[in-house]
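Accompanying notes for the structure given below.
The values are calculated or read from the model by the stated rules, or taken from the named source; none is laboratory data. Everything numeric in this text was worked out from a predicted model, so none of it was measured. A quick note on method: Cβ atoms are made from the backbone with ideal geometry, for glycine too, and the neighbour counts reach across all protein chains shown. These area figures cover heavy atoms from the full protein model, side chains too; ligands, DNA and RNA do not enter into them. Shrake-Rupley method; radii C 1.70, N 1.55, O 1.52, S 1.80 Å.
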Amino acid sequence: MSTLLKFYRPLFSIPYSTRTVQLGTHRFHSLFKPKRRIRCVSTSSHSQPSIGVGGKWESPEFSELWLQNTISRKKEVFRPKTEGKVGMYVCGVTAYDLSHIGHARVYVTFDVLYRYLRHLGYQVTYVRNFTDVDDKIIARAKELGEDPISLSRRYCEEFNRDMVYLHCLPPSAEPRVSDHMPQILDMIKQIIENGYAYIVDGDVYFSVEKFPDYGRLSGRKLEDNRAGERVAVDSRKKHPADFALWKTAKEGEPFWDSPWGPGRPGWHIECSAMSAAYLGYSFDIHGGGMDLVFPHHENEIAQSCAVCNHSNISYWIHNGFVTVDSEKMSKSLGNFFTIRQVIDLYHPLALRLFLLGTHYQSPINYSDVQLESASDRIFYIYQTLHDCESALSQHDVVTLKDTIPPDTVNSINNLYNVFVTSMSDDLHTPVVLAALSDPLKTINDLLHTRKGKKQELRIESLAAFGKILGNVLSTLGLMPESYFEILQQLRDKALKRAKLTEDQVLQKIDERTAARKNKEYERSDIIRKDLAAVGIALMDSPDGTTWRPAVPLAIQEQQLSIT
């Protein structure tokens with residue numbers, strides 16, 4: 001077997017984009033600062049402390065970034081191959097239909113990892129592909145009487161719209177299979193030359209028996225492996241687990257010329273070729289859903305190593321499934337909800353919060369109860385921060401003092417420490433979300449209670465809390481452009497779920513106000529309960545009655561029965 005001397009280099013250099021938080025003076029508006037204690041990142045010789053009691057700086061305890069590595073089956077400290085830089089490849093969608101919330105979980109998970117790596121100061125090259133040549137695409141195109149490439153291009157655009165809705169940052173590159181046939185063909189040629197593949201009637205198969213390490217990612221033994229998914233069992237194979245690198249074109253299917261005849265690539269070869277083209281054969285992180293561990297990622301490892309014996313990906317990261325009634329959500333099972341279906345009734349950021357409310361590796365069960373709860377929680381977060389912003393807008397920031405009370409300092413330091421230690425512990429987002437509760441409660445106390453309104457340096461405290469909460473939310477991808485606008489959007493979604501217009505709600509409020517004036521308290525209570533039943537909560541104050549979205553009564557009762 002010949003040894004390959006030529007390894008892939010990236011096709012082109014993708015400019016790195018890094019969001020940094022500048023250190024300024026120790027004022028309240030310079031609070032949220034990443035601390036670089038990761039040994040492989042030393043772009044700055046400065047430590048980046050947080051505010052200490054009395055306005056002094058102190059350095060809280062920080063953890064190195066640990067990630068659960070599928071291939072080693074343990075949590076490992078993150079060490080990039082190149083100091084200060086990260087290469088990350090995440091398998092994208094097969095674009096033949098609208099994406100479901102199982103897909104949303106994958107890309108929200110890796111968006112958070114992308115954001116957190118950038119927060120730590122890394123320059124990240126994030127590559128996420130589109131599969132636009134595939135059996136499922138061809139079958140769907142035939143069904144609709146549409147050109148397969150055109151159909152796939154349309155669904156790629158729809159997917160990107162979904163990612164914008166969910167506040168997922170765009171990757172550094174989004175390669176498509178149809179644009180990378182030369183790289184795919186070149187890789188297949190090299191696999192054949194190195195003795196790892198064979199040709200049968202214009203098809204090219206990878207010979208798994210020639211690769212002794214086959215199964216090390218999934219832990220499967222070769223004798224336990226079945227024929228690769230997405231393809232029929234083929235008696236021409238030397239081993240049932242051998243998988244297609246190149247498939248002879250059938251009549252009416254799109255095809256490309258190759259040394260083995262007209263055809264198209266198998267499913268697995270595309271990601272090996274495109275990741276090598278953009279990141280080289282040796283890079284830091286490869287990710288995707290847990291369903292890709294076998295056969296897709298297992299086959300990627302075999303292919304890449306067959307081409308380049310120095311091929312090495314340090315961290316294989318996989319997120320857990322979204323389930324419905326404890327069964328994996330998927331198009332093939334027909335139990336899926338598209339992202340569009342969900343965000344038609346719930347705000348996309350409520351969906352994102354729901355997905356982040358469970359650790360990314362654990363299964364998460366989809367239900368209206370969970371979505372209602374997430375929607376209610378995110379309304380509370382944004383309402384609190386909107387009220388804080390409104391209070392601050394009445395003051396000139398320049399005139400505010402540089403110091404904040406010790407209680408505020410401690411609360412902020414606690415939040416920041418929880419944020420860093422939890423995110424550095426394999427992205428424990430549920431712990432971070434829980435840690436927002438105390439600062440949010442404190443903001444509401446400062447805004448609305450008699451004791452809070454009398455606190456010394458109250459406005460400075462509000463500014464400090466608003467700043468750090470905004471930055472935590474930004475790193476989680478939960479920061480809206482405008483609190484006011486998103487609150488209105490959340491109200492609109494609540495009205496749609498309740499099948500009411502705002503005018504109808506206001507009319508009910510007027511009817512209730514009249515009933516209370518007439519001492520018709522039973523009538524007043526019925527109106528309140530009727531609205532609460534559909535998720536509209538009424539709030540009375542000296543200035544009158546207003547409404548806000550709430551979890552419908554029936555779902556509240558369901559939550560209580562579960563707990």
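Of the listed requirements (1) among the aromatic types (Phe, Trp, Tyr); (2) over 18 Å from residue 548 (Cα atoms); (3) touching a helix residue (DSSP H, G or I) at 6+ places or on another chain (Cβ under 6 Å), residue 382 misses just one: (2). Among the residues of region 465-507, the ones that are charged (D, E, K, R), closer than 19 Å to residue 349 by Cα and either touching a residue at least 24 places away in the same chain (Cβ under 8 Å) or in contact with a Phe, Trp or Tyr (Cβ under 9 Å, 6 or more places away or on another chain) (or both) come to 4 in all.
Looking at (1) open to solvent by 40 Å² or more (accessible area, probe 1.4 Å); (2) more than 18 Å from residue 475 (Cβ to Cβ); (3) not hydrophobic (A, V, I, L, M, F, W, C), which one does residue 405 not meet, given that it meets all the others? The one condition residue 405 does not meet is (1).
Residue-level analysis places residue 415 among those that are open to solvent by less than 10 Å² (accessible area, probe 1.4 Å), modelled with pLDDT of 95 or more and out of contact with any strand residue (DSSP E or B) (no Cβ under 7 Å at 6 or more places or on another chain).
Reported count of residues in region 134-176, each being in a helix (DSSP H, G or I) and either open to solvent by 10 Å² or more (accessible area, probe 1.4 Å) or more than 25 Å from residue 113 (Cα to Cα) (or both), is 24.
May I ask you to say which residue of 537, 532 is assigned to a strand (DSSP E or B) and open to solvent by 20 Å² or more (accessible area, probe 1.4 Å)? When all the criteria are applied, what remains is 537. Residues satisfying the criterion are absent from region 295-310 (criterion: at pLDDT below 95 and touching a helix residue (DSSP H, G or I) at 6+ places or on another chain (Cβ under 7 Å)). Restricting attention to region 291-312, the residues being touching a residue at least 60 places away in the same chain (Cβ under 8 Å) and either in a loop (DSSP other than H, G, I, E, B) or not small (Gly, Ala, Ser) (or both) number 15. The number of residues in region 426-445 that are among the acidic types (Asp, Glu) and buried (at least 17 other Cβ atoms within 10 Å of the Cβ) comes to 1. Here residue 266 fulfils each of the conditions (1) open to solvent by 50 Å² or more (accessible area, probe 1.4 Å); (2) over 21 Å from the mean Cα position of the chain (by Cα) apart from (1). Quick check on my filter: what residues within region 349-383 are of a type in the set (S, T, N, Q), assigned to a helix (DSSP H, G or I) and open to solvent by 20 Å² or more (accessible area, probe 1.4 Å)? Of everything in region 349-383, those that are of a type in the set (S, T, N, Q), assigned to a helix (DSSP H, G or I) and open to solvent by 20 Å² or more (accessible area, probe 1.4 Å) turn out to be 370, 373, 383.
Condition check ((1) farther than 29 Å from residue 273 by Cβ; (2) open to solvent by 10 Å² or more (accessible area, probe 1.4 Å)) across all residues:
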position	(1), (2)
312	no, yes
316	no, no
320	no, no
334	yes, yes
344	yes, yes
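The residues of region 69-107 that are open to solvent by 30 Å² or more (accessible area, probe 1.4 Å), part of a loop (DSSP other than H, G, I, E, B) and either of a type in the set (Ser, Thr, Tyr) or touching a helix residue (DSSP H, G or I) at 6+ places or on another chain (Cβ under 6 Å) (or both), listed by number, are 70, 72, 96, 98.
What do you reckon, is residue 115 in contact with an Asp or Glu (Cβ under 9 Å, 6 or more places away or on another chain), among the charged types (D, E, K, R) and closer than 30 Å to residue 347 by Cβ? No.
Matching residues to (1) of a type outside the set (S, T, N, Q); (2) surrounded by fewer than 19 Cβ atoms within 10 Å (Cβ to Cβ); (3) over 26 Å from the mean Cα position of the chain (by Cα):
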residue: 460; (1), (2), (3): yes, no, yes
residue: 472; (1), (2), (3): yes, no, no
residue: 477; (1), (2), (3): yes, no, no
residue: 504; (1), (2), (3): no, yes, yes
residue: 517; (1), (2), (3): yes, yes, yes
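The number of residues in region 191-208 being buried (at least 18 other Cβ atoms within 10 Å of the Cβ) and farther than 15 Å from residue 244 by Cα comes to 1.
In region 320-336, the residues that are in contact (Cβ under 8 Å) with a residue 12 or more places away in the chain reach residues that are in a loop (DSSP other than H, G, I, E, B) and open to solvent by less than 20 Å² (accessible area, probe 1.4 Å) with C-beta atoms within less than 9 angstrom, at least six apart or across chains, in these pairs: 320/360; 321/329; 321/330; 322/329; 323/329; 336/329; 336/330.
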